[in-house]
1. Can you tell me which of SER782, SER803 is under 43 Å from the mean Cα position of the chain (by Cα) and modelled with pLDDT under 95?
2. Given the residues ARG846, ARG834, which is the only one that is within 17 Å of THR723 (Cα to Cα), surrounded by fewer than 14 Cβ atoms within 10 Å (Cβ to Cβ) and not polar (S, T, N, Q)?
3. Are there any pairs with C-beta distances below 8 angstrom linking a residue in segment 755-778 that is in contact (Cβ under 8 Å) with a residue 60 or more places away in the chain to a residue that is of a type outside the set (Phe, Trp, Tyr) and assigned to a loop (DSSP other than H, G, I, E, B), with the two at least 6 apart or on different chains, and if so which?
4. Of all residues in segment 283-325, which are of a type in the set (Asp, Glu), out of contact with any helix residue (DSSP H, G or I) (no Cβ under 6 Å at 6 or more places or on another chain) and buried (at least 19 other Cβ atoms within 10 Å of the Cβ)?
5. The conditions are (1) at pLDDT 90 or above; (2) among the aliphatic types (A, V, I, L, M); (3) surrounded by fewer than 17 Cβ atoms within 10 Å (Cβ to Cβ), and LEU615 fails exactly one of them. Which is it?
6. Testing ALA489 on (1) touching a Phe, Trp or Tyr at 6+ places or on another chain (Cβ under 9 Å); (2) not in a helix (DSSP H, G or I), one condition comes back false. Which one is that?
7. Condition first: within 24 Å of SER765 (Cβ to Cβ) and not in a helix (DSSP H, G or I). Now tell me which residues in segment 803-822 satisfy that.
8. Out of curiosity, is PRO219 surrounded by fewer than 16 Cβ atoms within 10 Å (Cβ to Cβ) and within 25 Å of PHE267 (Cβ to Cβ)?
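The values are calculated or read from the model by the stated rules, or taken from the named source; none is laboratory data. Computed from a predicted model, the values in this text were never measured in an experiment. Backbone-built Cβ (ideal geometry, glycine too); neighbour counts: all protein chains shown.
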Amino acid sequence: MALPTGFTSQADVDNPLVPYETMQAQQTLFDVRTAGGAPATGYDEFVDTAGRVRPAWQELAECVSDRGRDGLDRLRAVVRNLVDNDGITYIQLEDGSAVPGPWQLDALPLIVSAPDWDRLESGLVQRSRLLDAVLTDLYGEQHCITSGVLPPQLLFAHPGYVRAARGIEVPGRHQLFLHGCDISRGASGDFVVNADWTQAPSGAGYALADRRVLAHAIPDLYEQVGPRPASPWAQALRLALVDAAPESAEEPVVVVLSPGIHSETAFDQAYLAGVLGLPLVESADLVVRDGKVWMRSMGTLKRVDVVLRRVDAAYADPLDLRADSRLGVVGLVEALRRGAVTVVNTLGSGVLESPGVLRFLPEMAENLLGETPLLPTAPLYWGGIDVERSHLLTHLSSLLIRPVTGGEPIVGPELSAARREALAARIAATPWQWVGQELPQFSSAPADYLPAGLSSSSVGMRLFTVSQRGGYAPMIGGLGYLLAPGTAAYDLNSVAAKDIWVRTPARVTAEKTTVTAPSEDDMLPTPITASPTREISSPRVLSDLFWIGRYAERAEHTARLLTVTRERYHEFRSRQAMDGSECVPVLLTALGTMTGTDTGAGDHHEMVATAPTTLWSLTADRHRPGSLAQSVERLGLSARAVRDQMSNDTWMVLSTLERTLLQAGDSPPDSQAEGEAFLSSTNTLTLAGMLALSGMLAESMVHDVGWTMLDIGKRIERALALTALLRATLTTARRPDAEQTITESTLAVCESLVIYRRRNPGTVSVAGVAELVLFDAENPRSLVYQLDRLRTHLKSLPGSSGSSRPERVVDEIAMRLRRMQPAELGECTAEGRRAELDGLLGAIHRDLRELSTVITATHLSLPGDMQPLWGPDERRMVP
């Protein structure tokens, strides 16, 4: 998993980290040793040169000593569970697909003393001002170019320079809105900047989420240390976004533009949007009309004034920038030129990440502001200067080589002799295109991330600032990280995150009384005004909510059917001569019908013989259409796409299910007992999870248009499942024993067996089943109940006329149902078929599928005249 530039996998962590060894029994101080026993190199954050724990870390040292190994193991497990329950993920790209992986968070914080933070804060705020001045000049007067301070090729050759952004200005005093800065500490103890992030800085959402986790995991240590809160920065960010709106905006509408759920940092974007209380949108949610940016809603458009951009600038507008982009908004650049919308960070800000620009930052700072950076950058050598090119070529094996034309940096120590020779030739041919940077130096700090236990690991920090009217406001703390072992660390690859705790200055500590672990409300910014976007729901958002309802109901129904089928299989597998055993192939056929896959229908003996493999596949194989695992996986994808709409409690359910289901193999284990135990626990867990999720959505989610669309999806799926199940099980007459077993099994799947037995003691009647699960308006599992809810929901949607196509389809289904009587549905033909029941269920099932299609076309699709350049939205949904 990757933090600043990409997490390495746990499999890459081969070499042991440096262990802490207690100097004597019950000792609270630790002596840092390398694996070979020699003193660790570099600056140690935890202990000084004399081996004494630094004052800022004293409480942590005592906490570690008091907990002991067992206590630290429990702490690590608590942190892992909190991360899972909060649904904190990092998207890993595997074989072209995006797979949500668990966020790796170290259980011990990185503590920064008050004096150290004062230095960091001063240097960071100044650096943001310097970069802001440079950005303003490069897209304005370009004095740095004309005066000869910055060679022009270093500006114009970098892909971060956007020519179309020339002349576009952000309202207010600053052009650089958001700044991320990777900093580490050298062997001397001085802080050094390793990289600046100005394109679309990521990590602030993770930093806020990490603080929430650790504050709840170790409240005793949190109270003792009393770190300065990071949440006020979110409030400053929200205020700055509102302040960045064009002057014409009376009640500014602010949105967060995301590349979507397949972005590596999708959680970071969604969590930050949720903390800020802002809509998380994608390109399909926005449209430019009349030179203005609008957000799509239910048949309406809402003016957008500020866009917090998490899409790289080159992809922001397929019309003026990259034509192949599917992430941008057509016409956005023109709207910017007209001053109708503000986009931050501004298009073109990524040029500040250029190694060529950073090489000349001290000179440009002196030229523009007369200042020298307080936080130095690791020394850089540009190939366009003879002396520096000579140093660059001579020290290729000990530098980080960065092309000024874009691309991944090259880690010198990783180069073979042949690759080093080839690179030297490339540099000699076009020396101006290359910059060499001294390898980053990292300090070490206590970590308890790996099973190896308490250890010393190299650490770095990503710090953030946001522009204010009077300057820049820093986040107090930020996103810390444990560096990957070996040369991978030089490219800022990391293996885990670390929460940064900044100590309160002594003068403030003397005045404060007590610090308690923050509540959830304390960690969120207070609202500024009533949000002008509270009623906005784009077709994309509504579509995902619709499918959340469908996939959740599908998972619940599949879990019930799998459970009942397994029970009947075990009941009759050794008694297949009994009439009741006929229920097993019937239920397996029903599973095949409902999932649209082959379960061996037609050959009952083969179906029973292969039942264990079939049941495993339909439970755990996420690649099998309609399987339980696939429904849970797609439920998770839909929920993550609208994370800003969902409660944090949602992830307590989904993460547990995903951990259980999505990590199982596609085929059953060799041990039959192990396989049976897995299927039993998984079906039970899924059913319990879906029931909990259903209750939470009903009782905790605001019943707005989004919830309405979610419940519409749920009702359609429940009706579809009901009609498919009844048609697969009850439309053929069978011998009495088989009829009773199949009927009771069907009712159990419909969660209506108890009430049926109470109403029909000792009898089995298909007419009685139809009365209960088709016609009973008081049964929440019945078909007529679903139709009533659908009718009510459709009438409540904005723009409803009472005679819209979806409403007419529901009325037609209800009319078709009213024409039938339960007694008629139980009648059989001479061939033993219940033709009336079969015909009714088949017709209603087709009408329900049509209803889903019509709702998608009328409420969940983009209008025909507002399609993206690349065509309609393509959603991989199972109908």
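1. Values: SER782 fails: modelled with pLDDT under 95.
Result: SER803 is the single residue among SER782, SER803 that is under 43 Å from the mean Cα position of the chain (by Cα) and modelled with pLDDT under 95.
2. On the way: ARG834 fails: surrounded by fewer than 14 Cβ atoms within 10 Å (Cβ to Cβ).
Exactly one of ARG846, ARG834 is within 17 Å of THR723 (Cα to Cα), surrounded by fewer than 14 Cβ atoms within 10 Å (Cβ to Cβ) and not polar (S, T, N, Q), namely ARG846.
3. Listed pairs, sorted by first residue: SER765/GLY826; VAL766/GLY826; VAL766/ARG834; ALA770/GLY826.
4. Narrowing segment 283-325 to residues of a type in the set (Asp, Glu): 285, 290, 305, 312, 317, 320, 324.
Retained after the next criterion (residues that are out of contact with any helix residue (DSSP H, G or I) (no Cβ under 6 Å at 6 or more places or on another chain)): 290, 305, 312, 324.
Within segment 283-325, ASP305, ASP312 meet the criteria.
5. Only one criterion in (1) at pLDDT 90 or above; (2) among the aliphatic types (A, V, I, L, M); (3) surrounded by fewer than 17 Cβ atoms within 10 Å (Cβ to Cβ) is unmet by LEU615, namely (3).
6. ALA489 satisfies every listed condition except (2).
7. Scanning segment 803-822 gives ARG819, MET820, GLN821.
8. Details: surrounded by fewer than 16 Cβ atoms within 10 Å (Cβ to Cβ): yes; within 25 Å of PHE267 (Cβ to Cβ): yes.
Yes.
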